[in-house]
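The values are calculated or read from the model by the stated rules, or taken from the named source; none is laboratory data. If you're wondering where the values come from, they're calculated on a predicted model, not measured in any experiment. Every residue, glycine among them, receives a Cβ derived from its backbone with ideal geometry; neighbour counts consider all protein chains shown.
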Amino acid sequence: MCINKQKLQLISIWLLNLLIEIGLCSTPHEGFAFTLEKIPEHCGRNAFDNEWRKYFGKPINKRIVGGSATAYGEWPWLTSLMFYQTAEQVKKQKELQIKSDEEELEFLDEINKNEEILEEIDSFIPPSLVYNYPDGSRRFHLCGGTLIHPQWIMTAAHCFFPNPFYPHLSANPSSWIVRIGEHDMLNESMEHYDMSVAHVYVHPQYQSASSSGYDIALVKLTKPVKLGRYVNIACLPSAGEEIQPGQECISVGWGHEIDGAKNISTILKHVGVPIVPNDQCTMNYATLRNGPNPIDVTIESNVICAGHAEGGRDACQFDSGGPLMCQIKKQWIVSGIISFGYGCGKAGYPGVYTRVSDYIPWIKGIAEVFTF
């Protein structure tokens, strides 16, 4: 039987469409044509949202890990900020002798959620997923971040400030790599992008991890990342937008699952946490002033508190900089940035998040790509 060229083309198109429909083949163009005008319509949608996935092939199914539902593409704006240490910096860190009182350490990000201060600092290895290189240098996940534009990441300011365990932290772009599209850090078959950094903008009024407020930074990539089924941007809230107490939002990250963990969760995890009124949060943290090592914490109006009264569910070390997301009309709004807390999921002490809606004018002033 002879098949002419036109019939062969029709059969080929039909077969390609069939393969795309059953998920065995991707569309020829997986990237999404991004325009500023489309931000309000497409931001905050994940791979399981029909209004987003209609542009791509069928997504893979959800997975259940450790009793928690996770999904590749469920939080497509999550990024991992990976810090690079030179061989000389690693050597100096191993020689470092920490001489600081417990009160000062209490709210340094990587310490504040772990009451057991490491004693053998001369052999300190970051309790994170560490990539060691033959020359003695290393790279490791340190903070989370949120893609808010194809070329811009929003994260926490304290991620770029040195502390006793990470004395070489800085806003130097060459020290950072941003991983986008990651889900399982040990599964290299899942597509992700390691992006270099052009500039880091830390809020000028941020002072230290022991103070409340202004814990926000913007990271500009050297080039835009291509949006797709598993890479999208989160929605920003309107300036001054309020979240109602009791509303359940989602905190996401690769951080420790328990206090004092030896390593991070290599698979992205999330937890639902209810919004706690700031006045209640203030009263809770005021009790820390009465302990054997008094800690004075002020809960400012420019933060959000979220957590369960009984504890048990919270962000933890290495989640810092990641988002607190609240869903409005099927779109995810990044309402907060993971900032600090007292312990991981301790009863009575909710997590504290930077209130993003208070910083919209600053964000728009730095990243002059937002017109809304």
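Structure notes:
- Pairs where the first residue, in the range 291-309, is within 24 Å of residue 245 (Cβ to Cβ) and the second is of a type in the set (Lys, Arg) and in a loop (DSSP other than H, G, I, E, B), C-beta under 9 Å, 6+ apart: 307/313; 307/346
- Matching residues, the range 139-161, being assigned to a loop (DSSP other than H, G, I, E, B) and more than 20 Å from residue 353 (Cα to Cα): 150, 151
- Screening the range 271-281 for residues that are within 19 Å of the chain's Cα centre (by Cα) and surrounded by fewer than 18 Cβ atoms within 10 Å (Cβ to Cβ) and picking the one that is modelled with the lowest pLDDT gives 272.
Yes or no, residue by residue, for (1) more than 16 Å from residue 196 (Cβ to Cβ); (2) at pLDDT below 85:
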| position | (1), (2) |
| --- | --- |
| 115 | yes, yes |
| 124 | yes, yes |
| 134 | yes, no |
| 147 | no, no |
| 156 | yes, no |
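- Residues of the range 230-266 that are over 18 Å from residue 333 (Cα atoms) and either modelled with pLDDT of 75 or more or touching a Leu at 6+ places or on another chain (Cβ under 7 Å) (or both): 254, 263, 264, 266.
- For the range 86-99, residues that are at pLDDT below 70 and touching a His at 6+ places or on another chain (Cβ under 8 Å) total 0.
- Scanning the range 207-229 for residues that are farther than 25 Å from residue 37 by Cα and at pLDDT 90 or above, we see that the one that is surrounded by the most Cβ atoms within 10 Å (Cβ to Cβ) is 215.
- Selected residue (criterion: modelled with the lowest pLDDT) from residues of the range 337-358 that are small (Gly, Ala, Ser) and surrounded by 24 or more Cβ atoms within 10 Å (Cβ to Cβ): 341
- Of all residues in the range 40-85 being among the β-branched types (Val, Ile, Thr) and crowded, with 16+ Cβ neighbours inside 10 Å, the one that is modelled with the lowest pLDDT: 70
- Picking from residues in the range 158-206 that are among the polar types (S, T, N, Q) and at pLDDT 90 or above, the one that is farthest from the chain's Cα centre (by Cα) is 205.
- Residue match in the range 142-165 (condition: in contact (Cβ under 8 Å) with a residue 12 or more places away in the chain, more than 27 Å from residue 365 (Cα to Cα) and hydroxyl-bearing (Ser, Thr, Tyr)): no
- Residues in the range 299-310 that are part of a loop (DSSP other than H, G, I, E, B) and modelled with pLDDT of 80 or more: 6 in all.
- The set of residues in the range 268-292 that are small (Gly, Ala, Ser) and in a strand (DSSP E or B) contains only 272.
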